[in-house]
Structures are given as C-alpha cells and as structure tokens.
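Right, one structure below, let's go through it.
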Amino acid sequence: MAEKEKLRIDKYLWAIRIFKTRTLASDACKAGRVKLDNQNIKPSHEVKVGETYQISKGIDRKVLKVTGLLESRADAKTVINFYQDITPVEQTQAFKSMFHAPLLTRDRGTGRPTKRDRREIDELKDDFFEKGSN
C-alpha cells in the first residue's frame, strides 16, 4: 500500500476503516469527536506516526495509536498494520457488561406483578448486579 509523509486525519480515519466515508470522518472531527491529547482537532490536522487519538463514534469509544500512514482505503487485514488499538480493557468490559443485564419478561395476559413477584424480581436484579461488579 502507498505510504505518504503527510496525511489528513479525516483521510486516515477513512483509510483505516474507522468511518465508512471520508465525509463522516470529517464531520466527526468538526463535531469534536476526534481528539489528540484531549484537544479537538480539525479534519485537516496532519497525522504523525506515534500520535494517540481518542475517537468517539456513537456510544463506542476508542483510543488508537498511529503506527503507519495509509493513503488509500485497504482491506481489513492490511489496515491492522497501520494502527494499534490501545483502548483500556476495563473501559471496554465495563461498556459490554452494562448492556448484558437480564431481560425480564412476563407472559402476556398475566396481569401486573404482585408484591411478592416484585420482591423476587428486585432480588434477581440485585443478585445479578452484585455478581457483575466483582
């Protein structure tokens, strides 16, 4: 793949497949969702090898370290060589476990839960969150 000395951040994020289009990458930079050392950067910011960027995409947060410059979009296997994902493991596990709470459903037509049912439901929820936080 072609390597270059100067490369814009929006083009780099598009090339390494963080964003689907270069326009989305540019819009994310303008909206302050791409940061370098906790400072917002413009889409025209010049990427340098060794820099670390914090990227927010929806509810997903990533911390990426640049290991190489990629000018054009490439396949996913090749792209892995041009950045290093250094997102803290605790942050990703906490994020994933937050959405794995038990889904409690009641059969249709059974009516409202009784006081006894409510206590059992609350006990199940408390047990789950105590085990999940350890």
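Odds and ends about this structure:
- Considering residues of region 4-17 that are of a type in the set (D, E, K, R) and outside any loop (DSSP other than H, G, I, E, B) only, the residue surrounded by the most Cβ atoms within 10 Å (Cβ to Cβ): D10
- Residues in region 27-39 that are under 17 Å from the mean Cα position of the chain (by Cα) and of a type outside the set (A, V, I, L, M, F, W, C) were compared, and the one that is nearest to L64 (Cα to Cα) is K35.
- Of all the numbered requirements in (1) among the basic types (K, R); (2) surrounded by 16 or more Cβ atoms within 10 Å (Cβ to Cβ); (3) over 18 Å from K65 (Cα atoms), K20 misses one, and that requirement is (2).
- Subset of region 53-86 [farther than 18 Å from K6 by Cβ, open to solvent by 40 Å² or more (accessible area, probe 1.4 Å) and assigned to a strand (DSSP E or B)]: Q54, K57, D60, R61, K62, K65, Q84, D85
- Complete set of residues in region 87-119 that are modelled with pLDDT of 85 or more and surrounded by 12 or more Cβ atoms within 10 Å (Cβ to Cβ): T87, P113, D117
The values are calculated or read from the model by the stated rules, or taken from the named source; none is laboratory data. Everything numeric here is computed off the predicted structure, so don't read it as measured data. Because the Cβ atoms are built from the backbone with ideal geometry, glycine has one as well, and the counts that use them run over all protein chains shown. What goes into the accessible areas is simple: the full protein's heavy atoms, side chains included, and nothing from ligands, DNA or RNA. Shrake-Rupley method; radii C 1.70, N 1.55, O 1.52, S 1.80 Å.
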